[in-house]
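*Asks:* Sharing a structure, written as structure tokens. Questions coming.
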Amino acid sequence: MDRIALTSAAVIAEAALLADRHGFGAVSLSEVARRLGVKTPSLYSHVRDLAALHDGITALALEEMADRVSTAIAGRSQGDALRAYADVLRGYAQESPGRWDSLQRRTGMGAVDSSAARSFVALTDAVLRGYGLSPVARVHATRMLGSTINGFIALERIGSFDHRDPAPETSWAIALDSLHVIFTEWSRAAPPHAEDTPT
């Protein structure tokens, strides 16, 4: 089998595959090097260290999600855009669990400052801007949206919803419908502290 040309993108892609198959915690420079058929020192020309490799996976995940979200919300607004956005994230967590886990941590500036991160943040803001929320209100709404989506996904992944009816799909739809109502009403009458200056 021909050896893959060693580039930063190739190293990060292999690390992302490793994360999805064996868990984000399994990602190490030595294991990625082994899978690529090279010695570990060969990777240092392409990724600075393990932290940079982890941030590379995070940036890749953000880029992939941004691409999917952009397509999913095109031509949609408010509730339709909100549901499409959330469904993309839930689907991504199911399809790429290791990459999703790379987002569930304090990331380095390499990921925070990436174009992928800026694109994803802009798309999230666009969904909420469709409700007519002020810039400060959108900060609070972003936190509420992220907490709901991430919390649901985390509990679903550990099987917390497996032992009672109705199915999680019903609860997911209700959660998103509830957020839609909250954001719609928020734009009509801002809740207490909605216009507080963010710290």
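Values in this text are rule-based calculations from the coordinates and carry no lab data. Being a predicted model, the structure only gives us computed values, none of them experimental. Note that each Cβ is placed from the backbone with ideal geometry, even for glycine, and that neighbours are counted across all protein chains shown.
*Asks:* Membrane-span-like helices in the chain: DSSP H runs reaching 18 Å or more (Cα, own axis), mean Kyte hydropathy at least -1.0?
*Replies:* Answer set is 8-22, 50-73, 78-95, 115-129, 135-157, 168-188.
*Asks:* With only Lys, Arg, Asp and Glu charged, each at its Cβ (+1 for the first two, -1 for the last two), find how big the charge dipole of the stretch 72-151 is about the Cα centre; round to the nearest 20 debye.
*Replies:* Details: 10 positive and 6 negative charges, 32 e Å.
It works out to roughly 160 debye.
*Asks:* By per-residue mean of other Cβ atoms within 10 Å, what is the highest-first order of 151-161, 75-85? Each step should come with its number before you reach the end.
*Replies:* Details: 151-161: 13.9, 75-85: 17.4.
Ranked from most to least packed, the peptides come out as 75-85, 151-161.
*Asks:* Go from 0 up to the bin containing the longest alpha carbon distance in the chain, width 10 Å each, and give me the % of pairs per bin.
*Replies:* In whole percents, the pair-distance histogram is 8, 31, 31, 20, 9, 2, 0.
*Asks:* In addition: Hey, if you put +1 on the Cβ of every Lys and Arg and -1 on every Asp and Glu Cβ in the chain, which of Ser178, Ala15, Ala137 ends up farthest toward the positive end of that dipole?
*Replies:* So the residue we want is Ala15.
*Asks:* Tell me, what are the semi-axes, in whole angstrom and largest first, of the equivalent ellipsoid of the stretch 82-158 as set by the roots of 5 times the Cα gyration tensor eigenvalues?
*Replies:* 21, 17, 11
*Asks:* With charges set only on the Cβ (+1 for Lys and Arg, -1 for Asp and Glu), what does the dipole of the stretch 43-97 come to about its Cα centre, in debye to the nearest 20?
*Replies:* For the stretch 43-97, the charge dipole is close to 160 debye.
*Asks:* For the stretch 106-151 and the stretch 1-63, what is the centre-to-centre distance using only Cα atoms, to the nearest Å?
*Replies:* Value for the Cα centre distance between the two parts: 27 Å.
*Asks:* Report, in debye and to the nearest 20, how large the dipole of the chain comes out about its Cα centre when Lys and Arg carry +1 and Asp and Glu carry -1 on their Cβ.
*Replies:* Taking the Cα centre of the chain as origin, the dipole is about 360 debye.
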